[in-house]
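To keep things clear, I will list the structure first and then write my remarks on it.
The values are calculated or read from the model by the stated rules, or taken from the named source; none is laboratory data. As the structure is a prediction and not an experimental result, all values here were calculated from the model. Counting neighbours? That spans all protein chains shown, and the Cβs are built from the backbone with ideal geometry, glycine included.
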Amino acid sequence: MSDGHDTRGAGGALRTSLYIHVPFCVLKCAYCSFHSGPVSLEPGVGEHFSWAVAESVAHWAELGVLDDVVSVYIGGGTPTTIGEPLVRLVERIVNAARLAPGAEVTVETNPDTTDPALTERLVNVGVNRFSVGVQSFDDEVLRTLGRCHTATSAVRAIGDLTASGVRVALDIMCGVPGQTGESWNLTLEHVLDAGVGHVSVYPLTLEEGTLLADSVRTGAMGGLDDDLAAEMMERASEVLSRGGLERYEVASYARPGDESVHNRGYWTGRPYVGVGPSAASMLPADLFDSAISCEAWNDPGVAGVGNTVGRVPEGTTRVRFVRAADTSGFLRRPVGPPDEVEYLSVAQAAAEDAMLGLRLAEGIPQSLAESAGALGALADLARRGLVEQSDDRWRVTRAGWLLGNEVFEAVWLAGARRGLA
Amino acid sequence: MQFLSTQLWCPSTQWGADEPAKSSTPLSSAEEGTGDASVSVRADVLIPAHGAPCYTFADMSQASHIRNFSIIAHIDHGKSTLADRVLELTHTVADRDMVEQVLDSMDIERERGITIKAQAVRVLYTAADGETYQLNLIDTPGHVDFTYEVSRSLQACEGVLLVVDAAQGVEAQTVANAMMAMNAGLEIIPLINKIDLPAAEPERVRHEIEEGLAIPADEAVLTSGKTGEGVREALEAVIARIPAPEGDPEAPLKALIFDSYFDTYRGVVALVRIVDGSVSRGMKVRMMATNTVTDVEEVGVRRPANMPVETLSFGEVGYLITGLKDPALVKVGDTVTLAKHGAIEPLPGYREVKPMVFTGLFPIDGDQYPDLRDALDKLQLNDPALIYEPESSHALGFGFRVGFLGLLHMEVVKERLEREFDLDLLATAPSVEYHVYTTAGDEVIVHSPQDMPETGVIERVEEPYLRATVLVPPDYVGAVMELAESRRATFKDMQYLSATTVEMHYDIPLSELIMDFFDQLKSRTRGYASLDYEYIGYRVSKLVKLDILLAGKVVDALSFIVHRDKAYQRGRVLTEKLREIIPRQMFEVPIQAAIGGKVLARETVRAKRKDVLAKCYGGDITRKRKLLEKQKKGKKRMKNVGNVEVPQDAFMAILKVDE
């Protein structure tokens, strides 16, 4: 790939990531716009879902895109909500796909659905990392966000997870209406005390159609204060790096070596397969050419992706496609056609790699900036103090972290314009 | 109903066999290529073997059987619905083609429920006396912006139906339109309309008409446009009370052009009232004011689609097509006469329409400038009141300074340009025509704040004033006075039209009236007040140009002219407003209001500190890109002024400066 990311492993197999979307949770949070909903847990739904995932993963494995999987991420929703069927889901995936040695296998969880017995069973089938949606260690803030757990239960859950020896990552949120600087400091201290290796810091965004957006619109809740959120992001950067957690991406902090292998893939152009409702996949276009000869790709009975991504236009280097956000549709037809397909040209793929690569502290090499056609845009951004160049790489500055959209937009539009020309 | 009592031979056609074929096929307007009303006309049509059909109205064309009248009213009192009922009662429009507001053919008229363009239609009505009459009805706009349309229509009539809403009673344009009819010496028949409404109070309204307008109302006709009640009585009153037209059939042709429109295929179509003589197809005629000689290609009547006839005789109302394509040669108000041995004296015309309100119209996408020019050219063909000249702005690029009759006219034109010509336009705050006298003794006409001379060379500035008439229930007199005072209006007098209606008169600068005055009046009087105004002339005022600076640079398109005593307050409110409208940018943006170099008010849009999508994983990437592309579109709707991105709303903010 354009940034030199190695998409083929030693054996020549395509090096990929696998994402599983589990659209269930205990209760939808006030800010959440993801495809997920409370499980009424009709008996059997979890098991049914687990089977559907297995069928889809088997399909992809058959097509040879899961022969060198460096990371598996089971997200949602809250995967642990479904309990025991999740264990079988992981088991089935691990058996169907070929995981690279030391592959990262992450399960997303919440404090109130984390239970030591389940954790142990998951670890036994291969899970080696948990990402916990803590959001805050302030119960007031948790209530605003519509979370089901408390600070106390979060501390207990994190303790249980670290005790089991797995890698633990936490998500926390700033810029929440009513959240004070003091509350934020307290949350950051708790994060350091927890001794975890990875933290994601997200400023709250209002997504249309969420409970929170409605409360803000009707005036029931104060609006978001971007200045305050900016201060909190800066504060997090200081406190966490002092505690040994280095910022390696806009929102991601890790102890050296504890960066998320899976997430890095999204920012470095690594191909990925997404399974489940609303999941996105991105695969090299040549795969679809060679796959014409592979029966399963075009078997109308399977309705596999091969004959539903359509004719790949000339000049396409990558295809990205997304399944519909439709859980019952997925359950009926795990290997169903995608809802949306995108064909990326060489220029667009480079522009996208450059845009996403600039999210990382390591930035992008001059060669990628060039192939993305972004040199002019980057020079302009450098004049505005948002990026800087050294050692033949472009990186965002401290101001650039906060105004990332300015950087991403300029770089993407520069590349996209070129792609159209 | 027997439409044709006499059949005229059409010279250009030959009838087949012995009998002309007769049918009552609806004649759709589309066949005529006018496209101005999607209705069919029911008429007995003589279909010749070859050639065009020909229609005659011989009996009813005798002047004694003609009645020409307008329907006039305050806006929303139900004129157009009444006109619909008249068309139904007289079977002018086939039932299946009946839509609401038949005569309002523009989409925008139907959507807003208003009439913009006057419409003439001929109907045939068999009266109680057994005779069939030719009625020429002219539906007129009620909004004050289009008063000139009413005044033109009245020239073609001997009488009017003055429609008054049975619940609303006499309102400002009722008074204004009634005065116009009286001054024109027309017979006025009051109609108390909407009597089906629960809130109808015909007796009170009758009293208001008598007290307020000094029109005897004991014979007012009670009507309901909704149910059709009283419509027949109204037509009987028209026949009994409105005089038949007078004129000299033997004198040379004199026809008054009272309106015109442009037809892509036929050129300019003139609506005419024949005053003396007659006009037929094939005649050579002369437009007296422009001294243009041309052939008459077609004469006809509107039912409401165009229907050709052989001849229009004195007293009749109809249309005339000459094949002239240049609207400037067929002027509304001009007299048509014979090319040879024509009339010596033209009919008295009426004053040219003068635009009162000016605004800059700029294409958001600079490449659309030629499209905007073409669109204005085309609209002007049917709207002589529209004038424009090129204007350029540092902030907005190339556009036009466009003159309008008023704010509604401006809104309607902008909407039509955007809708019918697919343009994205930005309008600057409306202005009026200022007369600036310099110390050097020159007079400078200023339509745009940009053209205002330097303060140092100004001797005095004059601005247009209006006499405003406000009708309001007594409880709201205080509210009106308060508003008027805040708008530099001078109180003239007030009188009780009735126990429930007070008529107040003010002299007010037009520039104040166009600043949200009507909305304010309505909201402060809970919608009860009605407003009318007329131009009374120019008066000296202490006016200054207030500049708005963004990031230290004057934005020409945001400058405006204001009374010196109000400059500080307007400047302060406007800078506050702009602070809310202008989004945070990458850098701090100071907003200043200044006269000359003197800063009166200052606000700051703080620099944007955070704008980042923190979560960006698999599926988010597509979403993120879509967002970027959407933002780009949103930014296209912004104007880059220097390096500040300014949303369109900013340029209209001055209009909404509440006090």
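Laid out as a table, the results:
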read-out: Residue that is farthest from the other protein chains (Cβ to nearest Cβ) [pool: residues in the stretch A:217-267 that are assigned to a loop (DSSP other than H, G, I, E, B) and either in contact with an Asp or Glu (Cβ under 6 Å, 6 or more places away or on another chain) or of a type in the set (A, V, I, L, M) (or both)]; value: A:A220
read-out: Of all residues in the stretch A:279-313 being more than 14 Å from chain B (Cβ to nearest Cβ) and at pLDDT 85 or above, the one that is nearest to A:G46 (Cα to Cα); value: A:P284
read-out: Meets criteria (touching a residue at least 24 places away in the same chain (Cβ under 8 Å), surrounded by 18 or more Cβ atoms within 10 Å (Cβ to Cβ), away from chain B (no Cβ under 12 Å) and assigned to a strand (DSSP E or B)) for A:V273; value: no
read-out: Residues of the stretch A:166-201 that turn out to be among the aliphatic types (A, V, I, L, M) and either away from chain B (no Cβ under 14 Å) or in a helix (DSSP H, G or I) (or both), as a count; value: 9
read-out: All positions within the stretch B:605-636 that are of a type in the set (G, A, S) and either more than 7 Å from chain A (Cβ to nearest Cβ) or outside any loop (DSSP other than H, G, I, E, B) (or both); value: B:A607, B:G618, B:G619, B:G634
read-out: Filter pass, A:L356 being within 14 Å of chain B (Cβ to nearest Cβ), closer than 30 Å to A:T327 by Cβ, of a type outside the set (K, R) and buried (at least 18 other Cβ atoms within 10 Å of the Cβ); value: yes
read-out: Some residue of the stretch B:258-276 being outside any strand (DSSP E or B), of a type in the set (A, V, I, L, M, F, W, C) and touching a residue at least 12 places away in the same chain (Cβ under 8 Å); value: no
read-out: Some residue of the stretch B:578-585 being touching an Asp or Glu at 6+ places or on another chain (Cβ under 9 Å), assigned to a loop (DSSP other than H, G, I, E, B), within 30 Å of B:V446 (Cα to Cα) and among the aliphatic types (A, V, I, L, M); value: yes
read-out: Condition check for B:R602: without any contact (Cβ under 8 Å) to a residue 40 or more places away in the chain, more than 14 Å from chain A (Cβ to nearest Cβ) and part of a strand (DSSP E or B); value: yes
read-out: Residue within the stretch A:360-370 that is buried (at least 22 other Cβ atoms within 10 Å of the Cβ), within 14 Å of chain B (Cβ to nearest Cβ) and out of contact with any Phe, Trp or Tyr (no Cβ under 7 Å at 6 or more places or on another chain) present; value: no
read-out: Residue in the stretch B:485-502 that is buried (at least 20 other Cβ atoms within 10 Å of the Cβ), within 24 Å of B:E389 (Cα to Cα), touching an Asp or Glu at 6+ places or on another chain (Cβ under 9 Å) and of a type in the set (S, T, Y) present; value: no
read-out: Residue in the stretch B:555-564 that is at pLDDT 90 or above, in a loop (DSSP other than H, G, I, E, B) and farther than 23 Å from B:V446 by Cβ present; value: no
read-out: Whichever residue in the stretch A:319-337 is away from chain B (no Cβ under 11 Å) and in contact (Cβ under 8 Å) with a residue 40 or more places away in the chain and, among such residues, is surrounded by the most Cβ atoms within 10 Å (Cβ to Cβ); value: A:F330
read-out: Matching helices (runs of 4 or more DSSP H) fully within the stretch A:314-421 where at least 3 residues are closer than 23 Å to A:V250 by Cβ and touching a helix residue (DSSP H, G or I) at 6+ places or on another chain (Cβ under 9 Å); value: A:346-357, A:366-371, A:375-383, A:398-402, A:404-420
read-out: Matching residues in the stretch B:229-243 - criterion: being assigned to a helix (DSSP H, G or I) and crowded, with 17+ Cβ neighbours inside 10 Å; value: B:V231, B:R232, B:A234, B:L235, B:A237, B:V238, B:I239
read-out: Residues of the stretch A:41-67 classified as among the charged types (D, E, K, R) and either within 20 Å of A:P337 (Cβ to Cβ) or in contact with a strand residue (DSSP E or B) (Cβ under 9 Å, 6 or more places away or on another chain) (or both), total; value: 3
read-out: Subset of the stretch A:182-228 (residues that are in contact with a helix residue (DSSP H, G or I) (Cβ under 7 Å, 6 or more places away or on another chain), exposed (fewer than 13 other Cβ atoms within 10 Å of the Cβ) and over 24 Å from A:R359 (Cβ atoms)); value: A:G223
read-out: Some residue of the stretch B:640-658 being within 14 Å of another protein chain (Cβ to nearest Cβ), surrounded by 15 or more Cβ atoms within 10 Å (Cβ to Cβ) and among the acidic types (D, E); value: yes
